[in-house]
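No lab work stands behind these numbers, since they all come straight from the coordinates. Just so it is clear, the model here is predicted, and its values are computed rather than measured. Heads up, the Cβs are rebuilt from the backbone with ideal geometry, glycines too, and the neighbour counts pull from every protein chain shown.
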Amino acid sequence: MKPFFSIIIPYHNSKETIGSLLSSIALSQKVPPLEVIVVDDGSSPNFKFQISNFKLLEERLRKKKYVQRLHTVVLERNMGPGAARNRGAGIAKGKFLVFFDSDVVLFPDALHNLWQIYEDDPDIVAVTGVWVKHQKTKKFFPNFKALRDWSYWINERDKSGYYYLFSTRCASIKREVFERLKGFDETYTSPLVEDIEFTYRVARRYAIIFAPNVRVHHEFEDFLPIAKKYFWRSYYWTKLYQSRKKFDPVATTLQEAVTALSGVGVVLMSLIVPIFGVMSYELRVKTDYVHLFYILTLTSYLLTLVVHLFFTRKFLAFVYQEKGIWFAIKSFFTGLVLYCFIAAGALWGRVK
């Protein structure tokens, strides 16, 4: 019997996390026949993935009647997650491919719920799951990021939209469709926009179903690594936008673009308004023009702030309910800084 699912996991120096992922697969409940393919994407010698490192886990998986194969592919050099997924898909036997990042942990019912979606509607060809809002750490930023993503997917998403991001942290697609589309674009050697570019190709003909009951857990990084990813993701997405000339619910809607610009405007005007305030006070006897310009700048600042608060109101209300007023205040200012990284990446993409 051929496997129904081929689970493909790109792996690069992530020995600390992949064991938890494989264990969560072994603990999955009520799932169809499946195979697990780990693709070592040119890991450093000390981090090379060896299935022998997980002998006990392998035995546990093989005892499960639904697990047909636990296979590894080793790439000689780091080629990027898109290429690693393509290599895994190249040897897959399942009817559907299932992609997980190596640093997630599945909920016990995730694979069952995914299977049920395909069984209930044979016309569905692609599904994306969701990572939950809870974090083990008490640090502010990882919790902020988890709530930011959860709010985007659950509270703020365009419920009338036709398709959603094929988020490779937790996503699935019919193998024959994946092969017809020739997989991920391997020119992206970092985990930046290869999922967005692939989503655009899928969405030309098929809907990508968002499934909130296909859940994984992911522990987020701290501020700086995430901020850098925002910058480069925005940089490369800007290049995709230049070829498509339209916003979309996959990466950035027009409303989200306005939100980002208003956030940057709030930051810039927060720096400018005090300067002109001082100038207005010191020069008020000599000229009224500086004072007038200060009034206009202050008015513009307040209007921009109101616009930004309006567009972020759902998220701020959500984090207030989840974590309280101080967390919501910190979230507001953290969001402003991240919008600056996003805008800087987009600007750099336009300039280059």
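Taking a ≥ b ≥ c as the square roots of the eigenvalues of the alpha-carbon gyration tensor, region 178-239 is classed oblate because a/c is 1.5 or more while a/b is no larger than b/c. Taking a straight line from the alpha carbon of residue 48, these lysines sit under 18 Å away, with near neighbours fewer than eight places off in the same chain left out: 15. Mean residue ellipticity at 222 nm, helices only, the chain: -17000 deg cm²/dmol; runs of at least 4 DSSP H residues each add -39,500 (n - 2.57), and the sum is divided by the number of residues.
Counted by neighbouring Cβ atoms within 10 Å, the residues 103, 109 run from fewest to most as 109, 103. Using C-alpha pairs under 8 Å with a sequence gap of at least 6, the mean separation divided by the residue count of the chain gives a relative contact order of 18 percent. Between the labelled values (1) 0.99; (2) 1.34; (3) 1.14, the entry that holds Cα Rg over 2.2 N^0.38 Å as derived from this structure is (3). Against the longest principal axis of the chain, how steep is helix 15-26, in degrees 0 to 90 to the nearest 10, with axes from Cα atoms? On a 0 to 90 degree scale, this one is about 60. Selection among 80, 110, 199 by position relative to the dipole of region 5-221 gives 110 as farthest towards the positive end (Cβ unit charges, Cα centre).
Compared with the dominant Cα axis of the chain, that is its longest principal axis, helix 140-150 is turned about 70°. Springs between Cα atoms under 10 Å define the GNM used for the chain, and in it the highest mean-square fluctuation of 101, 123, 41 occurs at 123. Among beta bridges identified by DSSP and lying wholly in the chain, the antiparallel ones come to about 30 percent.
Exposure proxy shown here: for 206, 294, 11, the number of other Cβ atoms within 10 Å sets the order, fewest to most, as 206, 294, 11. In a simple Cβ point-charge model (Lys, Arg +1; Asp, Glu -1; nothing else charged), the chain has a dipole of about 320 debye relative to its Cα centre. Ordering of 27-40, 178-191, 79-92 by packing is 79-92, 27-40, 178-191, highest average first (other Cβ atoms within 10 Å, averaged per residue). Can you tell me which of 307, 125, 193 moves the most in a GNM of the chain? Springs connect C-alpha atoms under 10 Å apart. Ranking 307, 125, 193 by mean-square fluctuation puts 307 first. Taking other residues whose beta carbon is less than 13 angstrom from the beta carbon of residue 94, and scoring Lys, Arg as +1 and Asp, Glu as -1, yields +3. For residue 133, the lysines whose Cα falls under 21 Å of its own Cα, not counting residues fewer than eight places away in the same chain, are 145, 159, 229, 314, 323, 330. Angle, helix 223-244 long axis vs. longest principal axis of the chain, Cα atoms, 0 to 90°, nearest 10? Rounded to the nearest ten degrees, it is 90. From the Cα gyration tensor of region 69-136, with a ≥ b ≥ c the square roots of its eigenvalues, which class applies: rounded if a/c is under 1.5, or else prolate if a/b is larger than b/c, or else oblate? Taking the square roots of the gyration eigenvalues as a ≥ b ≥ c, region 69-136 is oblate. Cβ-to-Cβ counts within 10 Å put 268, 338 in ascending order as 268, 338, the fewest first.
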